[in-house]
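This report concerns only the one structure given below.
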Amino acid sequence: MDLKDLRVEIDKVDKLIVELYEKRMDIASQVADYKIANGKKVYDKEREEAKLKAVGDMTHSEFNRVGIEELFSQLMSMSRKLQYQKLAEHGASGRLPFIRIDSLDYANCRVCYQGAEGAYSEIAMKKFFGKDVHSFHVETFRDAMAVLEDGSADYAVLPIENSTAGIVSEIYDLLTEYENYIIGEQIIEIRHCLMGLKGAQLSDIKTVYSHPQSLMQSSKFLSEHGDIKQISMKNNAFAAKKVAEDKDITQGAIGSSLAAEIYGLEVIQEGVNQADSNSTRFIIVTNQKVFLKGAGKISICMEIPHEAGSLYHMMSHFIYNNLNMTKIESRPIEDRNWEYRFFIDFDGNLEDSAVKNALRGLREEAKMLKILGNY
C-alpha cells in the first residue's frame, strides 16, 4: 500500500475511535448520574489503577503497553472532568469556605510589616492602604504571621517575589503553616541607593550592610568596588539604622532613599542595583477567609502523589476549564526527601463555575490542596 492508501485506512480507524470515544463518554455521563444519586466520589484511584493494568495486559509489546496506558489515563481523566461538570450542574460543586466582601476597612484596620521604618515593606503598605494607615513593624516574617493569627493585626504586608532575585521562599512556607490568606498585592519598583553618614564619600566606605537579596541585586556595583566588605542583615532598614547608630563613617547601607531620610543618612550613590526594571511583589495577608468582589487572581498550594504523571494530570484541570495559569513554584516538603509542594497562581474568581470545577477536581485528586487567596 502506498502512503495515500495508508492514510485512508488511518482515517477509517480514527472515525471508529471518535465513535467509541463518544459512546464511552455517554456511559461516563450515566456513571455521573449514578454517583450523584448515591453520593459516590468521582475519583476511584484503585479502580483506575486496575483498569490501566488490564488494558496494558491486552497489548502485544512494551511500547504499545506504555502508549495504551497513557491513552486510557487520558480517557479516564476526561471522564472525571465530565462527572465534575455534571456535579456542578446539579448544585453539588461544593461551597468554598471563602466569603466575598465589597471593600476593605482602611480607616479602622491595623497593619504590620516586617523590618523597620524605611523598609520597602512600609512603602508597599502605604501605597496600598494610604499614608495615614495605623501600622506597626515586627522583626521577622514569622512574627508578622503570628500577630495576624492572634488578632493583634488585621493585615500584614510581606514580600513574596522580586523580578530579579526570584521568590522569597520563607513566605511560601509560612503560607502553608499559618491559616492566613492573601487578600491583595502591591508591586513596588526597587531602586537601591548606597547611604552613609553625613559627609561620607564612596572612598570612605569599607563595609556595607543590607539584606542578602539587595546585596545580590547590587552585585555589579559591589564587584566594581571589591575592597568593600559585605555583611547581610535581616532588612535594609535595619542596615540603615545600624549605620546611623554606630556613627562610623566607614560603614554604609544599601536600601531605599526613604530609609536614608528616616535615619538621617546621606545618599552617596543612587541606583546601585543594576537592573533598570527591578520590582518586588508584596502580598497583603489577613487571617479571614475573604476575597474582594471582582478579584481576578487565585493562589493555591498542593501536594500531589509522588508518582509519574501526577503533575501532568493536575495541570489538565486548568486546561480543561480554560483557566490561565500564570505561575508555578515548588518547595521541598520538610521530612520527606525529594517530595515537593507546588504553588500555583491562575486567573479567576472563586465564584466562577470553571474555577469551582477545577478546584473540585484538584481537591479530589491531590493529596492536599489549600486555597491561599483570591485577590
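Residue pairs exceeding 24 angstrom between C-alpha atoms, taken from LYS131/LYS247; LYS41/LYS293; LYS126/LYS241; LYS293/LYS370: LYS131/LYS247; LYS41/LYS293. Assuming charge only on the beta carbon of Lys and Arg (+1) and of Asp and Glu (-1), the dipole of the range 209-302 about its Cα centre is about 740 debye to the nearest 20. Remark: the range 18-177 carries a charge dipole of roughly 740 debye about the Cα centre, counting +1 on each Lys and Arg Cβ and -1 on each Asp and Glu Cβ. With viscosity 0.692 mPa s and temperature 37 °C, the Kirkwood radius over alpha carbon pairs of the range 227-375 converts through Stokes-Einstein to a diffusion coefficient of 171 µm²/s. The Cα-based radius of gyration and maximum Cα-Cα distance (Dmax) for the range 1-92 are 16.5, 54 Å.
Quickly rank 4-15, 300-311 as a protection proxy: mean count of other C-beta atoms within 10 Å, highest first.
Working: 4-15: 9.6, 300-311: 15.3.
Ranked by mean Cβ neighbours within 10 Å, highest first: 300-311, 4-15.
Listed by chain and number, the lysines whose C-alpha is less than 22 Å from the C-alpha of LYS220, apart from same-chain residues fewer than 8 away, are LYS206, LYS229, LYS234. In the chain, the longest principal axis of the Cα atoms and the axis of helix 310-320 are about 80 degrees apart. Considering only HIS90, TYR312, GLY118, and ranking their Cα positions along the charge dipole of the chain that arises from unit charges at the beta-carbon of Lys, Arg, Asp and Glu, the one farthest toward the positive end is HIS90.
Rounded to the nearest 20, the size of the Cβ-charge dipole of the chain about its Cα centre is 660 debye, with Lys and Arg at +1 and Asp and Glu at -1. Scalar couplings 3J(HN,Hα) for the range 240-257, obtained by applying the Karplus form with A = 6.51, B = -1.76, C = 1.60 to θ = phi - 60°, are 4, 4, 4, 4, 5, 6, 6, 6, 10, 5, 7, 9, x, 9, 10, x, 7, 5 Hz; x denotes Gly and Pro.
For the range 193-270, what does the convex hull of the Cα positions come to per residue, in cubic angstrom? If you can, show how the numbers build up before the last one.
Values: hull volume 5.6 nm³, N = 78.
Output value, Cα hull per residue: 71 Å³.
The orientation-averaged projected area of the convex hull spanned by the Cα atoms of the range 294-375 comes to 5.1 nm².
Kirkwood radius and radius of gyration were both taken over the C-alpha atoms of the range 64-116, and their ratio Rg/Rh is 1.40.
Would you mind checking the range 15-37 for residues with the amide N under 17 Å from a putative spin-label position 7 Å along Cα→C-beta of GLU364? Within reach of a label on GLU364: 25-37. The value obtained for the range 33-188, namely the Cα convex hull volume divided by the number of residues, is 197 Å³ per residue.
In the range 1-92, a dipole from Cβ-located charges (positive for Lys and Arg, negative for Asp and Glu) runs towards its positive end, and of MET1, ILE27, LEU75 it is ILE27 whose Cα lies farthest in that direction.
Each 20 Å bin, from zero up to the one with the longest distance, holds this percent of the alpha carbon pairs of the chain: 24, 42, 24, 10, 0.
Longer than 19 Å from Cα to Cα, which of LYS45/LYS367; LYS23/LYS45; LYS289/LYS356; LYS297/LYS356 are they? Say none if no pair is.
On the way: LYS45/LYS367 12 Å; LYS23/LYS45 23 Å; LYS289/LYS356 16 Å; LYS297/LYS356 14 Å.
The pairs that break the limit, which is 19 Å between Cα atoms, are LYS23/LYS45.
When ranked by the protection proxy of mean other Cβ atoms within 10 Å per residue, highest first, what sequence do the peptides 21-27, 255-261 form? Intermediate values should be presented prior to the final figure.
Numbers: 21-27: 11.1, 255-261: 22.1.
Output ranking for 21-27, 255-261: 255-261, 21-27.
When the Cα centres of the range 331-361 and the range 308-329 are compared, how far apart do they sit, in Å? Answer, in whole Å: 9.
Each peptide in 102-110, 208-216, 230-238 was scored by the mean count of other Cβ atoms within 10 Å over its residues; highest first, the order is 208-216, 230-238, 102-110. Each label was represented as a point 7 Å from its Cα along the Cα-to-Cβ direction; for ASN322 and TYR34 these points are 3.2 nm apart.
Apply 1/(1 + (r/R0)^6) to the Cβ-Cβ distance of ILE10 and GLU139, taking R0 = 45 Å, and write down the FRET efficiency to the nearest 0.05. The pair ILE10/GLU139 has a calculated efficiency of 0.10.
Quick note: the coordinates plus some simple rules give every number you see, no bench work behind them. Predicted, not measured: the structure shown is a model, and the values here were computed from it. Virtual Cβ from ideal backbone geometry, glycine too; neighbours counted across all protein chains shown.
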